[in-house]
Amino acid sequence: EPLSYYVKNLMLNFNVVMIGAFLVCPLLFFQWTMSSSESGSSDRLAFNNKLFALSPLAIWMIMVCPRPHKEERFLFPVYPLICLGGAV
């Protein structure tokens with residue numbers, strides 16, 4: 001099945017939250033690069049914590065998307081991470 005199966009399935013289940021969840025890592029990186037260096041280590045620590053919490057979502061999708069056999073049950077483990085990414 002094509003990759004669009006996962007995209008359609010996630011859009012039906014999560015709507016706008018899915019878009020936010022997959023854009024959060026690039027947006028966090030952009031925010032981190034644009035933040036002033038005056039705030040120092042507190043911004044970096046917050047960035048590292050958020051990135052550490054959301055990295056399993058990216059790793060899971062990299063592992064699951066190339067598989068030729070696609071089912072919704074392969075996405076169940078990352079549903080909480082999608083909600084977390086949408087909330088951040």
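The values are calculated or read from the model by the stated rules, or taken from the named source; none is laboratory data. Everything numeric here is computed off the predicted structure, so don't read it as measured data. As a convention, Cβ positions derive from the backbone with ideal geometry for all residues, glycine included, and neighbour counts pool all protein chains shown. The accessibility values were calculated without ligands, DNA or RNA, using every heavy atom of the protein model including side chains. Shrake-Rupley method; radii C 1.70, N 1.55, O 1.52, S 1.80 Å.
Criterion first (open to solvent by 80 Å² or more (accessible area, probe 1.4 Å) and part of a helix (DSSP H, G or I)) does ASN9 satisfy it?
Against the criterion (open to solvent by 80 Å² or more (accessible area, probe 1.4 Å) and part of a helix (DSSP H, G or I)), ASN9 does not qualify.
Being part of a helix (DSSP H, G or I) and among the basic types (Lys, Arg): is that true of ARG44 here? I'd like the intermediate steps shown before the answer.
Working: part of a helix (DSSP H, G or I): yes; among the basic types (Lys, Arg): yes.
Considered against the rule, which asks whether it is part of a helix (DSSP H, G or I) and among the basic types (Lys, Arg), ARG44 comes out as yes.
Here is a check on your reading of the model: is GLU72 of a type outside the set (Ser, Thr, Tyr), farther than 13 Å from GLY85 by Cα and in contact with a helix residue (DSSP H, G or I) (Cβ under 8 Å, 6 or more places away or on another chain)?
Working: of a type outside the set (Ser, Thr, Tyr): yes; farther than 13 Å from GLY85 by Cα: yes; in contact with a helix residue (DSSP H, G or I) (Cβ under 8 Å, 6 or more places away or on another chain): yes.
For GLU72, the condition - of a type outside the set (Ser, Thr, Tyr), farther than 13 Å from GLY85 by Cα and in contact with a helix residue (DSSP H, G or I) (Cβ under 8 Å, 6 or more places away or on another chain) - is met.
Within the set of pairs 6 or more residues apart or between chains, which connect a residue that is within 9 Å of GLU1 (Cα to Cα) inside the range 59-71 to a residue that is among the aromatic types (Phe, Trp, Tyr) with Cβ atoms less than 6 Å apart?
Listed by first residue and then by second, the contacts come to LYS70/TYR5.
Among (1) of a type outside the set (A, V, I, L, M); (2) open to solvent by less than 70 Å² (accessible area, probe 1.4 Å); (3) in contact with a Lys or Arg (Cβ under 6 Å, 6 or more places away or on another chain), where does GLU1 come up short?
Against the list (1) of a type outside the set (A, V, I, L, M); (2) open to solvent by less than 70 Å² (accessible area, probe 1.4 Å); (3) in contact with a Lys or Arg (Cβ under 6 Å, 6 or more places away or on another chain), GLU1 comes up short only on (2).
Which residue is most open to solvent (accessible area, probe 1.4 Å), if the candidates are limited to the range 62-74 and must be in a helix (DSSP H, G or I) and within 18 Å of LEU12 (Cβ to Cβ)? Before the answer, list the steps.
Filtering the range 62-74 for residues in a helix (DSSP H, G or I) gives 62-64, 72-74.
The next check asks that each one be within 18 Å of LEU12 (Cβ to Cβ); those that pass are 64, 72-74.
Details: VAL64: 8, GLU72: 63, ARG73: 136, PHE74: 56 Å².
Looking at the filtered set, the residue picked out is ARG73.
If we keep just the residues of the range 41-61 that are open to solvent by less than 60 Å² (accessible area, probe 1.4 Å) and among the small types (Gly, Ala, Ser), which is nearest to PHE76 (Cα to Cα)?
ALA58
Hey, among LEU54, LEU75, which residue is under 14 Å from the mean Cα position of the chain (by Cα) and either over 14 Å from VAL7 (Cα atoms) or of a type in the set (Lys, Arg) (or both)?
On the way: LEU75 fails: either over 14 Å from VAL7 (Cα atoms) or of a type in the set (Lys, Arg) (or both).
Answer to the check: LEU54.
Could you check the range 1-59 and list, in sequence order, the residues that are modelled with pLDDT of 90 or more and among the charged types (D, E, K, R)?
LYS8, the sole residue that qualifies.
Looking at the range 75-88, I want the residues that are assigned to a helix (DSSP H, G or I) and have a partner that is loosely packed, with under 12 Cβ neighbours inside 10 Å and at pLDDT 90 or above with Cβ atoms under 9 Å, at least 6 apart or on another chain. Which pairs are those?
Pairs that qualify, where the first residue is assigned to a helix (DSSP H, G or I) and the partner is loosely packed, with under 12 Cβ neighbours inside 10 Å and at pLDDT 90 or above, are GLY86/VAL16.
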